Amino acid sequence: MEILIGMLLIASFFVLAWYCIKGYSLMVGFIGITVIWFALSMLGTLISSPEFIASNPVLQFGEGTNVTFMGIFNEVFQGGPEGWGKILINFLFGAWFGRVLMDTGIASTIIRKTVELGGDKPMITIILLDIVTAVIFTAMTGAGPVMAVGVIVLPILMSLGIPKAIALFTFIASVGAGSYLNPVFFAQYRAFVLDPDQLLDFNLGWFANRWGYAAVIIAVVVSIVMTAIYLKSSKKSHAWAAQAAPQAQKDAPGYALVLPIVPVILNIAFEFSVIAGFLIAGFIALAVCGKFNKGFRENIQYVNKLMYDGTVDTAPLVGFIACLPMFNTVAKYASPYFSTVLGPVIPSSELFICIIFAICMFFSLFRGPLTLVGCGAATLGVLKNVASFPAPFLYCVFAIPTITGNLGSCITQSWVAWGISYTKTDSNDFLKLSVPNMYVIGVLLYVLTFFTMSGLGAEWFVQ
């Protein structure tokens with residue numbers, strides 16, 4: 001009976017994969033899979049053999065124990081989302097900070113100054129813009145900020161004669177590269193692999209020094225090299241005829257241009273809380289850029305509006321994040337059945353895991369089974385519960401396809417879909433550029449992961 005339950009759970013996993021690939025609501029999908037896994041897991045406790053139940057304490061509840069059916073039910077559907085409240089708050093304040101950088105003109109000023117440095121040399125301009133975009137998105141979060149920066153960067157690139165597909169590719173790849181050190185994404189993905197009471201043991205500073213800085217550099221360099229290769233084999237485009245970027249406000253003060261990286265620096269160097277970093281840098285930006293030049297009431301309303309706009313930017317993802325902890329919690333009760341079916345075939349070698357994931361990077365596209373913002377959360381739940389890998393290693397294994405594969409390559413990502421529409425690029429043309437880049441970055445980062453997070457990661461985490 002336990003094998004039958006395990007097979008039904010696996011079948012439901014593939015149904016979820018199909019559902020995500022079709023582009024349906026992730027929030028509804030994970031509510032549905034949680035209900036199915038909860039029902040199958042509880043049914044399994046009734047029909048499985050007594051020996052199987054006795055060997056899996058997580059499935060023991062009812063008479064003679066301190067655990068009840070209703071207690072498990074409430075843990076899944078109430079306790080899970082409540083435990084992730086801090087992740088949601090970090091995400092919202094990150095979106096607010098992104099709105100501050102846009103509204104004060106800091107982001108647009110950085111980009112304009114970068115273009116001035118590049119002069120009339122397209123490749124120099126691309127290199128500078130890719131680096132600056134990656135740095136900006138170590139702090140900014142959400143579709144709104146990506147679009148706001150995109151309407152400045154993309155017309156500049158295309159006005160230099162760069163084909164629209166290549167311009168979109170290099171911009172989106174840079175956004176993904178910077179996301180490896182984004183404290184909001186780090187907190188979000190870290191919560192997938194660690195229980196809430198372990199979160200403080202795996203901080204951004206340790207991660208950045210061991211893996212994060214190198215990941216950003218590799219992703220930026222590879223994207224620039226791939227862009228140069230693509231440009232070499234392409235024809236120069238004529239001036240872009242679509243709508244131009246809107247007129248930008250006056251330049252922000254020079255000393256304000258360092259503010260986008262202040263939250264990251266404070267978190268890594270001094271272990272400042274993420275929210276405190278966003279608030280400090282955000283209010284300084286508003287003050288030095290002259291945004292607090294009205295009455296007290298108007299200033300307060302303005303700050304509230306920025307939070308409202310940032311929340312709207314991230315609303316679809318917030319719903320997904322709120323429902324995902326239900327799934328993570330119920331996976332604990334489904335894991336014994338997965339172990340029965342998959343335990344004998346799941347590899348325990350970290351090297352083998354890196355090789356498999358590098359080969360299968362394509363499955364990070366279309367919300368596939370490798371991306372944490374798709375059905376990769378289910379894959380992680382299976383892998384985490386049927387094999388013993390250190391949490392930092394698992395984080396990197398899944399962050400690579402999630403960030404480079406989904407955020408920086410996939411046409412189902414909201415800002416990629418927007419960019420395709422905005423530049424009038426064919427989606428297949430974009431994928432022809434983004435997929436090879438995704439594989440090159442993926443292979444190099446899995447090599448980095450094996451040598452920095454496998455043995456060393458396990459040794460550190462035990463300590």
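Summary table below
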| item | result |
| --- | --- |
| Length-normalised contact order for the chain - Cα pairs under 8 Å, 6+ apart - percent | 25 |
| Options Gly178, Ser108, Gly94, ranked by Cα towards positive dipole end of the stretch 88-211, top entry (Cβ charges) | Ser108 |
| In degrees, nearest ten, helix 183-193 long axis to first principal axis of the chain (Cα) | 10 |
| Cα-projected label distance for Ser388 with Ser427, points at 7 Å along beta-carbon direction, nm | 4.4 |
| Note, ³J(HN,Hα) from phi for the stretch 396-412, Karplus 6.51, -1.76, 1.60, rounded to Hz, x at Gly and Pro | 5, 4, 8, 5, 4, x, 5, 7, 6, x, 9, 5, x, 9, 8, 6, 7 |
| Cβ-placed point charges (K, R +1; D, E -1), dipole of the chain about Cα centre in debye, nearest 20 | 1460 |
| Calculated percent of Cα pairs over 29 Å apart (choose from (1) 45; (2) 73; (3) 49), label | (3) |
| For Ser454, solvent-accessible area (1.4 Å; no DNA, RNA or ligand), Å² | 10 |
| Gained length - Ala39 relative to Val312, 0.36 nm times residue gap less alpha-carbon distance | 94.9 nm |
| Dipole of the chain [Lys/Arg +1, Asp/Glu -1 at C-beta], most positive-end residue of Cys289, Ser234, Asn437 | Ser234 |
| Sum of -39500 (n - 2.57) over DSSP H runs of 4+, divided by residues of the chain (222 nm, nearest 500) | -22000 deg cm²/dmol |
| Accessible area per residue in Å² at 1.4 Å probe, computed on the chain | 42 |
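The values are calculated or read from the model by the stated rules, or taken from the named source; none is laboratory data. Note that this is a predicted model, so its numbers are computed, not measured. Cβ atoms come from the backbone with ideal geometry, glycine included; neighbour counts cover every protein chain shown. The area values use the complete protein model at the heavy-atom level, side chains included, leaving out ligands, DNA and RNA. Shrake-Rupley method; radii C 1.70, N 1.55, O 1.52, S 1.80 Å.
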